[in-house]
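J.: Pasting a structure here, questions to come.
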Amino acid sequence: MCGIVGYIGHREAYPILITGLKRQEYRGYDSTGVALINQEGLTVYKKQGKVAELEEALLGKNLSTNIGIGHTRWATHGEPSDVNAHPHLSASGKLAMIHNGIIENYAQLKKELLNKGYQFKSETDTEVLVNFIEEIKTNEDCPLEEALRIALKRVSGAYVILLLDSEQPDTIVAARKGSPLVIGIGKGEHFLGSDATPMLEYTKEVVYVNDYEIAIVKADELVLKNLGNEKQTPYISNLDLELAAIEKGGYDHFMLKEIHEQPATIFDCLRGRLDAQKGTITMKGVQDNIDTLVKANRYIIIACGTSWHAALLAEYVIEELCRIPVEVEYASEFRYRNPIIREGDVIIAVSQSGETADTLVAIEKAKEQGALIFGIVNVVGSSISRASHAGAYTHAGPEIGVASTKAFTAQLAVLLMMALKIANEKGTIDKSRYARLLVELAEAPEKVEAILKNAEELKVMGQKYKDSVNALYLGRGYNFPIALEGALKLKEISYIHAEGYPAAEMKHGPIALVDNQLPVIFVATKDDYHAKIVSNIQEIKARKGIVIAIISEGDDIIPTMANDVFVIPPADEIVAPLLSVIPLQLLSYYIGVARGCDVDKPRNLAKSVTVE
Ligand code: AGP
């Protein structure tokens, strides 16, 4: 899950590459580099560290050119270092290549090349592939695109590849399988990126390159071919994305900005779909497949990370409202477990980026067995949205902070609307409850606004608990998935070890961890389990544990027991998770900032995990 950028045209390429790489840095930030072709020939500049450090190191160099490629890395093969950074040059120095993905059979290809006397400077699969391509180019005496086509027939794994050839200084050759590649169409120029962010201010016309396609890109020409060397017609889409959406807008971090965007993003997610007055929910993807969804024997929800927590909450809601059995699967396990998929099963794939490889390959597996794939995705035009038979976008806008926040609440809103629509269609929810839940959902943005007004309280709590070594997050029922999400946020952002647990499960082991140093965060909003969660809090207090509780307005019991409480507006237990997660996002943010962590780019993480 690296970020790639390319430019060819009439403008100076280097500044476009550097700006593009900075916008791609959420995809990986171990090391970075560019390759340029100018009077000095084909030159590679690369180093370990962030884009700004490379920029600093290149001050004063002759970087003037109209063609170049750039890469920001998330290490898979070989540790973060200058030599493992991309681009990688071929043995002759005539080819330079950047790559996002994993070449699974690179060891075998490397062996073949070693037997032919090749030597390797780095530990990467990418350096192996660029030399494998050069070997074919030399032996077959063919143009670069031909050599690439032949080479890719021998390659297994996922890739986006961009190549420069010093013998073809007016062309960028690219190829895609599994990892995302977007090409921006300009007048006499073309832009390439892992997503559209590097080209936003230059063009709104983009082509999403498909798997097994090769692109031959010149300043005034774009040719797409398949691996059978047949020309493909580029399908041009119009981007509905503004530059402002990917800038910090005066906030210190993207994560804080995105947390504060949630009243608007939840509203955008509901807009044009939920009409509480009319008592209607309009979702085309659901409506077009309503018979299949209503008559389904089982839903299997596949996801990873935060999206998996949204899936788990959906299991509780769908089973409660629709009376349809639901199974929630970690995509990576589902893919290799040889799952049983029967007639009448519906697969729901949840993903912010729409590019998570584990989820993508899992739905491909289910698709082979004839299941309907319903995608719930945030990034328009992403691979999972294009691999799904139907779906719903979450409309949360670009999420740059690696820790998912606004996309999570938008996923919950979509899953809740979907469950309510299907339950109403199926007649498994009574009319008054249905109408009340639509009103509750419509009120969510306002209630989130009210919660954000008290963010300062969490800043104080963050300072108070910043030196914690461990933490436990507990919840019951609909609040259990939120406890898991709270724990994940703290882990990701502050590197404090945290675990989420069903509150009652605690007695069966984790309670052994409790002492006067351990913060135990309860998601304890008013619901049918409230009395039970109060006893769980007493169990912690009895062992001198530190209790922090997210509670509903009007709760006058828990404040008498807890060390710290954060009060949220009252809401139905099914809608409350959309609210109770907000203070947990803010708490992890403020603890991360207080510990001096890079909250937008936490160590070892990347925004979309495009390799298995
Ligand atoms: C969440 O904060 C993390 N960034 C990560 O767990 C993420 O949710 C996971 O990688 C799934 O990503 P997706 O929603 O883009 O598929």
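J.: What does a probe at residue 343 reach in region 297-327, counting residues whose amide N is under 18 Å from the point 7 Å along Cα→Cβ?
T.: So the set is 297-299.
J.: Also: Just name one of 194, 49, 416: the one whose Cα is farthest towards the positive end of the charge dipole of the chain (beta-carbon charges, Lys/Arg +1, Asp/Glu -1).
T.: Working it through, the farthest residue towards the positive pole turns out to be 416.
J.: Same structure again: What spacing in nm lies between the two simple spin-label points modelled at residue 139 and residue 291, each 7 Å away from Cα in the Cβ direction?
T.: Output for this residue pair reads 5.5 nm.
J.: Just want to confirm a number: the relative contact order over the chain, from Cα pairs under 8 angstrom separated by 6+ residues, in percent.
T.: Working: 1369 pairs, mean separation 71.7, N = 612.
That works out to 12 percent.
J.: Helices from the chain with mean Kyte-Doolittle at least 0.5 and a Cα length along the axis of 24 Å or more, per DSSP H: which?
T.: Working: long enough: 305-322 (25 Å, 0.57); 406-426 (30 Å, 0.79); 431-453 (34 Å, -0.13); 576-594 (28 Å, 1.51).
Helices passing the filter in the chain: 305-322, 406-426, 576-594.
J.: Arrange 77, 190 by Cβ neighbour counts within 10 Å, fewest through most, would you? All intermediate terms of the calculation are to be shown ahead of the outcome.
T.: Values: 77 17, 190 24.
Arranged by neighbour count, lowest to highest, 77, 190 become 77, 190.
J.: Still on this model: Within 10 Å of each candidate Cβ there may be at most 13 other Cβ atoms; applying that plus a DSSP loop requirement, which GluC sites (Glu not before Pro) in region 534-607 survive? Numbers along the way, then the final one.
T.: On the way: sites: 539, 553, 573; in loops: 553, 573.
Qualifying residues, ordered by number: 553.
J.: A further question on this structure: Would you mind ranking 555, 125 so that the residue whose beta carbon has the fewest other beta carbons within 10 Å leads the list?
T.: 555, 125
J.: Just to confirm the filter: which trypsin sites (Lys or Arg not before Pro) across region 216-251 are DSSP coil and have at most 16 other Cβ within 10 angstrom of their Cβ? Let's see the in-between values first.
T.: Details: sites: 218, 225, 231, 248; in loops: 248.
Filter output for region 216-251: 248.
J.: Taking H as built 1.01 Å from N, whose amide H comes closer than 5 Å to the amide H of residue 274, not counting residues under 5 places away?
T.: Close amide H contacts, sequence-distant or interchain: 282.
J.: If you don't mind, there's one more thing I want to ask. For the chain, give me the percentage of DSSP beta bridges that are antiparallel, rounded to the nearest 5 percent. It would help to have the intermediate numbers written out before the result.
T.: Details: 64 of 106 bridges.
Here the share of antiparallel DSSP bridges comes out near 60 percent.
J.: Same structure, new question: Which of 480, 120 comes first, and how do the rest follow, when ranked by fewest Cβ neighbours within 10 Å? Spell out each step's value before the answer.
T.: Working: 480 25, 120 15.
Lowest to highest Cβ neighbour count: 120, 480.
J.: How about region 410-495: which GluC sites (Glu not before Pro) there lie in a loop by DSSP and see at most 10 other Cβ atoms within 10 Å? Kindly include the intermediate steps, with their values, before the conclusion.
T.: On the way: sites: 425, 440, 443, 446, 449, 456, 457, 485, 492; in loops: none.
Answer by residue number: there is no such site.
J.: Work out the length of the dipole vector of the chain about its Cα centre, built from +1 on the beta-carbon of each Lys and Arg and -1 on the beta-carbon of each Asp and Glu, and round it to the nearest 20 debye.
T.: 540 debye
J.: What percent do you get for the relative contact order of region 388-542 when only Cα pairs under 8 Å and 6+ apart count?
T.: On the way: 133 pairs, mean separation 28.8, N = 155.
Worked out over region 388-542, it gives 19 percent.
J.: Further question on the same structure: With the cut-off at 1.5 for a/c, could you classify region 272-427 from its C-alpha gyration tensor as rounded, prolate or oblate?
T.: On the way: a/c = 1.61, a/b = 1.09, b/c = 1.47.
Verdict is oblate for region 272-427.
J.: How long is the gain from residue 284 to residue 252 if the chain were fully straight, where each residue apart is worth 0.36 nm and the alpha carbon distance is subtracted? Could the numbers behind the result be given before it?
T.: Values: separation 32, 0.36 × 32 = 11.52 nm, distance 3.78 nm.
Full-extension gain reported as 7.7 nm.
J.: Compute the distance from the alpha-carbon center of region 333-380 to that of region 531-604, in whole Å.
T.: So the two Cα centres are separated by 33 Å.
J.: Let me ask something else about it. Compare the Cα positions of 267, 509, 92 along the charge dipole of the chain (+1 at Cβ of Lys, Arg; -1 at Cβ of Asp, Glu; about the Cα centre) and return the one farthest towards the positive end.
T.: Highest projection toward the positive end goes to 509.
J.: Take every Cα pair under 8 Å in region 159-218 that's 6+ residues apart, average their separations, divide by the length, and report that relative contact order as a whole percent. Could the numbers behind the result be given before it?
T.: Numbers: 115 pairs, mean separation 22.0, N = 60.
For region 159-218, the relative contact order is 37 percent.
J.: Starting from the amide H of residue 2, placed 1.01 Å from N in the peptide plane, find each other amide H under 5 Å away whose residue is 5 or more places distant or on another chain.
T.: Amide H neighbours of residue 2, under 5 Å, 5+ apart: 74, 101.
J.: Ok, one more. Find which of 19, 338, 602 sits farthest along the positive direction of the dipole of the chain, computed with +1 on the beta-carbon of Lys and Arg, -1 on that of Asp and Glu, about the Cα centre.
T.: The listed residue farthest towards the positive side: 338.
J.: For residue 55 paired with residue 513, estimate the spin-label separation in nm (one decimal), with each label point 7 Å from Cα along the Cα-to-Cβ line.
T.: For residue 55 paired with residue 513, the spin-label model returns 4.0 nm.
J.: Now, a different point. How many angstrom lie between the Cα centre of region 190-241 and the Cα centre of region 106-160?
T.: Cα centres, region 190-241 to region 106-160: 24 Å.
Values in this text are rule-based calculations from the coordinates and carry no lab data. As the structure is a prediction and not an experimental result, all values here were calculated from the model. Note: ideal-geometry Cβ built from the backbone for every residue, glycine included; neighbour counts use all protein chains shown.
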